[in-house]
Amino acid sequence: MTFDLITWAVLAVSVGSVTLGLVVGYQAYRGFRRNDSRPMRLLSVGLILLTAVPFTLTFVTTLLIRLEPSFAQFRRGLFLLAQVLQFAGLAFITYSLYER
Amino acid sequence: MSEECDEEDVLELLNDEYARAILTETSAEPMSAKTLSERCDASLTTIYRRIDRLKECDLVEERLQPQPDGNHYKVFVSRLDSFAVSFEDGEMQTEMARVPTEEDPADRFTEMWEGL
């Protein structure tokens with residue numbers, strides 16, 4: 001299977017974003033464990049929902065559509081799902097900030 | 001913060017019994033101004049005044065203590081480990097050591113986020 005440059009770029013950035021999201025989310029989770037801090041647990045979940053999960057979705061969606069073009073019909077639905085997950089992530093982060 | 005406060009200022013601050021008491025008490029654990037007022041047998045005004053001066057010299061750190069019921073309050077923690085004065089060869093030397101800040105990124109992250 002051959003990908004065009006844009007597709008490669010999207011995949012590369014998605015992988016990078018998932019990695020960074022997991023790194024930051026993981027440190028937040030460690031902060032929760034080491035300091036018994038509930039806000040950090042909420043922050044950790046929020047960060048991962050905001051970054052790693054949607055970017056994984058983007059990655060998988062891009063790959064699937066290239067492999068099976070008929071999947072393109074789901075693209076908008078999956079895009080909405082990614083948006084919803086990002087919103088949920090932001091909600092967790094906001095909650096973590098205000099609910100102390 | 002520390003531009004206005006050199007080691008001579010710290011020495012002068014340490015001369016104050018309440019400043020010393022605050023540093024002593026909070027070296028064990030973070031405390032609120034109210035607790036310090038009781039422990040050091042001083043009015044809240046006195047405590048707050050000393051805390052302000054200690055904060056100016058970066059000798060005391062203010063943190064927010066999260067409470068499950070939502071009523072978070074400020075606590076203060078000493079940042080000063082030791083202060084030494086020595087006299088040698090016609091000169092006075094002062095040496096000050098502060099409490100090391102957290103190194104682990106997870107702890108720095110937590111401290112930063114909880115401080116917001």
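Of all residues in the range A:18-35, those satisfying the criterion of being more than 10 Å from chain B (Cβ to nearest Cβ) and not aliphatic (A, V, I, L, M) are A:T19, A:G21, A:G25. Of the residues making up the range A:1-49, those that are hydrophobic (A, V, I, L, M, F, W, C) and in contact with a Leu (Cβ under 6 Å, 6 or more places away or on another chain) number 3.
When the residues of the range A:2-24 are filtered to those that are under 19 Å from A:F79 (Cβ atoms) and of a type in the set (S, T, Y), the one that is surrounded by the fewest Cβ atoms within 10 Å (Cβ to Cβ) is A:T7. Condition (residue is within 12 Å of the chain's Cα centre (by Cα) and within 13 Å of chain B (Cβ to nearest Cβ)) applied to the range A:46-55: is it met by at least one residue? Yes, there is a match, as at least one residue in the range A:46-55 is within 12 Å of the chain's Cα centre (by Cα) and within 13 Å of chain B (Cβ to nearest Cβ). If the condition is being surrounded by fewer than 20 Cβ atoms within 10 Å (Cβ to Cβ), within 17 Å of A:V23 (Cα to Cα) and not β-branched (V, I, T), then the range A:40-85 contributes only A:R41. Applying the criterion of being small (G, A, S) and away from every other protein chain (no Cβ under 14 Å) to the residues of the range B:60-116, the residue that is farthest from A:S96 (Cα to Cα) is B:G90.
Within the range B:74-116, the set of residues being of a type in the set (S, T, Y) and touching a helix residue (DSSP H, G or I) at 6+ places or on another chain (Cβ under 9 Å) comprises B:S78, B:T94, B:T101, B:T110. When the residues of the range A:58-100 are filtered to those that are within 11 Å of the chain's Cα centre (by Cα) and at pLDDT below 90, the one that is farthest from A:L11 (Cα to Cα) is A:T58.
Considering the range B:18-61, and only residues there that are buried (at least 16 other Cβ atoms within 10 Å of the Cβ) and among the hydroxyl-bearing types (S, T, Y), the residue that is nearest to B:V77 (Cα to Cα) turns out to be B:T26.
The values are calculated or read from the model by the stated rules, or taken from the named source; none is laboratory data. Keep in mind that what you see is a predicted model, and the values were worked out from it rather than measured. Glycine also receives a Cβ, built like all others from the backbone with ideal geometry; neighbour counts cover every protein chain displayed.
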